[in-house]
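Inspection log for the structure reproduced underneath, given as structure tokens.
The values are calculated or read from the model by the stated rules, or taken from the named source; none is laboratory data. What you are looking at is a predicted structure, and each value in this text was computed from that prediction instead of being measured. No Cβ is skipped: glycine too gets one built from the backbone with ideal geometry, and neighbour counts run over all protein chains shown. We work out accessible area using only protein heavy atoms, side chains counted, and drop any ligands, DNA or RNA first. Shrake-Rupley method; radii C 1.70, N 1.55, O 1.52, S 1.80 Å.
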Amino acid sequence: MNDLLSVAEALARVLNRVEPLDAERVALTSASSRVSAEDVVSAVDVPPFRSSSMDGYAVRAADLPARLAIVDRAAAGRPSQATLTSGQAIEISTGAVVPDGADTVVPIERVEVDGDAVTIPEPVPTRDNIREPGGDVEAGSTLVSPGDVLTPARLGALAACGVASVLVHRVPHVTIVVTGTELRPPGVQLAPGQIYESNGVMLAAVMEEAGATVTRLAASEDTEDAHAASLEEALASDVVVTSGGVSVGPHDLVRRVQARLGVEEVFWGVAMRPGKPLAFGCRGRTLVFGLPGNPVSALVGALLFVRPALLALVGNPDPAPPFRPGILAAPIQPRPERDDFVRARVTWSDEGALVQPIVGQESHMIMHTSAATGLVWIPRGVGALEAGSRVRFLPL
Ligand code: AMP
Ligand code: MG
């Protein structure tokens, strides 16, 4: 591991291997958080007609002030058939078609009604409280483009234009293979030397949160044959994520078995802490991530490399981890030879985000890490940092 890749270079090599998955057409009702694979153009104007933005009276501005005869009522979905003439008013509700002949709407709060007459004491401008057709969307305009994430507001906009389905990239299928003879599932009794398997559930949560469907295989014991059986099954997925067995010990067999199964290794080893012995390779279009077994290393590797790959697979144009500016609340002494990812608690002040490194930065300390709400990136070569230093962190 003499020539370790930088984190940025490693991420670039991962993303370089990602081809967005095929597209499929889904109902708008199933499209939340998916990424559009097409331009969607509105066939209609929104609003589709001149509509009232208030409950009130549709009138002619030139008549005012005046006492007017109420000649009809227009409600949302129940247009008036009448054409308004001078001296007349039509009662109107929000969202109703503004009747022909009317050029302004006076809100109900500004009129006095008695029986079939309405008194409007003040003049009002024309076009008041009237929404013009196409005021929000003009027919022919583009609603979403390839790469746009279907946020709640975008889904609302598509529905408002009558769009019922949208072409999106297929959801990636990830298979997680945890390795280690010592691992037992939570809920059973441990024998000496055994520990509970904790990476599977944690990594699955990262992948699911990134929009993937996840299959978890039973923990694979540290033999080549056991790994080969699990990995061969996993390689049918879009993405394989392994944990453990990727370092230099005699029981670290994952890379060897991957090579045997035809996985082309793109890199192994990233100049980062935690998580240095991280492997990435491909077989066909399947992306294969070998994360270290230490839980914090596995988590950091998943956030920095696997999650971006999953976002890129569904066509997200901006898949890199969203690091943001923050201010160190306490001094730190990072090691200069690698990028350091320091777990921290983030609090917000008028100055912005204040990041306080947590106690317990060792790579097996998943409980300590669970108190962190940010991952602070200290690039290699940066020496000791004072409290108040500007840093970048990834919200957790
Ligand atoms: P390895 O990368 O396989 O050498 O594992 C490094 C450390 O992480 C060892 O102490 C393992 O017991 C532990 N470990 C590996 N896999 C898991 C897992 N899935 N859950 C919890 N701890 C693990
Ligand atoms: Mg192991």
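For this structure, a couple of remarks:
- Segment 201-246, residues that are within 16 Å of ligand 2 (Cβ to nearest atom), crowded, with 19+ Cβ neighbours inside 10 Å and among the polar types (S, T, N, Q): Ser220, Ser230, Thr242, Ser243
- Failed item, numbered, when Val206 is tested on (1) within 16 Å of ligand 1 (Cβ to nearest atom); (2) assigned to a strand (DSSP E or B); (3) not charged (D, E, K, R): (2)
- Only one of Val178, Val239, Val168 that is under 31 Å from the mean Cα position of the chain (by Cα) and closer than 30 Å to Gly140 by Cβ: Val168
- Among the residues here, Val300 qualifies as assigned by TED's automatic domain parsing to the domain that holds Tyr196 and either surrounded by 23 or more Cβ atoms within 10 Å (Cβ to Cβ) or more than 16 Å from ligand 2 (Cβ to nearest atom) (or both).
- Residue within segment 134-154 that is over 21 Å from Leu313 (Cα atoms) and within 16 Å of ligand 1 (Cβ to nearest atom) present: no
- In segment 310-363, the residues that are part of a loop (DSSP other than H, G, I, E, B), farther than 24 Å from Ala298 by Cα and open to solvent by 50 Å² or more (accessible area, probe 1.4 Å): Pro317, Pro331, Asp350, Glu351
- Residue in segment 247-297 that is farthest from ligand 1 (Cβ to nearest atom), counting only those that are at positive phi and either open to solvent by 30 Å² or more (accessible area, probe 1.4 Å) or touching a helix residue (DSSP H, G or I) at 6+ places or on another chain (Cβ under 6 Å) (or both): Gly284
- Some residue of segment 181-188 being open to solvent by less than 50 Å² (accessible area, probe 1.4 Å), touching a Pro at 6+ places or on another chain (Cβ under 7 Å) and either under 25 Å from Arg285 (Cβ atoms) or within 16 Å of ligand 2 (Cβ to nearest atom) (or both): no
- Filtered residue count, segment 7-24, keeping only those that are over 30 Å from Met272 (Cα atoms) and loosely packed, with under 12 Cβ neighbours inside 10 Å: 1
- As for segment 61-78, it holds no residue that is in contact with a helix residue (DSSP H, G or I) (Cβ under 7 Å, 6 or more places away or on another chain), open to solvent by less than 30 Å² (accessible area, probe 1.4 Å) and in contact (Cβ under 8 Å) with a residue 12 or more places away in the chain.
- Residue in segment 34-47 that is closer than 30 Å to Gly101 by Cβ and touching a Ser or Thr at 6+ places or on another chain (Cβ under 7 Å) present: yes
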